[in-house]
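Below is one structure, written out as structure tokens, with a few remarks after it.
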Amino acid sequence: MISLTTWVYTLGSITIVSLVSLIGAVALSFGVHRIKSWLLLFVSFSAGTLLGDAFLHLLPEVTEREGLTVKASFGVLAGILVWFIIEKFIQWHHCHHVHEFEEDHVHPFAILNLIGDFLHNILDGMIIAASFLVSIPVGIATTVAVVLHEIPQELSDFGVLLHGGFSKGRALLLNFLSALGALFGAIFALFLSGQIEGIELLFLPFAAGSFIYIATADLLPELHKETRIAESLKQLIALLAGIVVMALLLLLE
């Protein structure tokens, strides 16, 4: 039976993740050009936290409990393939691209972006819930990684909706409703855990594969577009800082 503590931590974390969707309003107050100046650094930091969580928290937890099994490897591959399918065949992208904020950019798939974002958030909710089923520290580390990844993504998604023809108010509302997919995902994962013993050990490799894919196929290639030495060094420092944050969270375990 799932403890009350697990429910409280999971739903509290999901609430925080969902509220990140409203960051578009903050973006408007700061101005688009100022956001563009630091967005890539945040993307670098986000990539570091995703890789750090995958390799320092999720995979070690799985190997400690079950060893490095073929089942765990298939779980990692499944996470990578699912995200590839989401981006390739639903024609949706995380949109971390800075040019998404340019005024002359028109995104023809605003509705598909919402659908894809909803599916993404469902998976995020399942991953967070599964992490808390393992332990509170692992859940906290995964939540931090997800939140930091969500910030640049939600900023870009908000820009996509605006360029897709939505008003500012409607874009914020739709983005928030899409973020509630994480709540459905979390509740579903917790329900499954009550029906299938050890279900979290199937979710963790999948989560690791998901984070590895997002970081290496989605975020890091975007950073390679910056070729100036000074800016590249800043990105490297931000990337390492994200990994260090995940390493420091090991002290909680």
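Nothing in this text is a laboratory measurement; each read-out follows from the coordinates by a stated rule. Since the model is a prediction, treat every value here as computed from it, not as a measurement. Cβ sites come from the backbone with ideal geometry, for glycine too, and all protein chains shown count toward neighbours.
Brief remarks follow.
- Taking 0.36 nm per residue of separation and subtracting the Cα-Cα distance, full extension of the segment from Phe74 to Thr216 would add 49.3 nm.
- Under the simplified labelling scheme, the His224-Leu19 pair shows an inter-label distance of 3.8 nm, with each label point 7 Å from Cα along Cα→Cβ.
- By the beta-carbon count within 10 Å of each Cβ, the least crowded to most crowded order of Leu233, Leu251, fewest first, is Leu251, Leu233.
- Between Arg65 and Arg170, the simple spin-label model (points 7 angstrom out along Cα→Cβ) gives 4.4 nm.
- Fewest-first ranking of Trp83, Trp38, using other Cβ atoms within 10 Å as the exposure measure: Trp38, Trp83
- Under the combined filter of DSSP loop state and at most 16 neighbouring Cβ atoms within 10 Å, the stretch 192-241 retains these trypsin sites (Lys or Arg not before Pro): Lys225, Arg228.
- Using the Cβ-Cβ distance between Ile196 and Trp38 with R0 set to 45 Å, the FRET efficiency from 1/(1 + (r/R0)^6) comes to roughly 0.55.
- Rough spin-label spacing in nm, given labels placed 7 Å along Cα→Cβ, for Thr5 and Phe55: 3.1 nm
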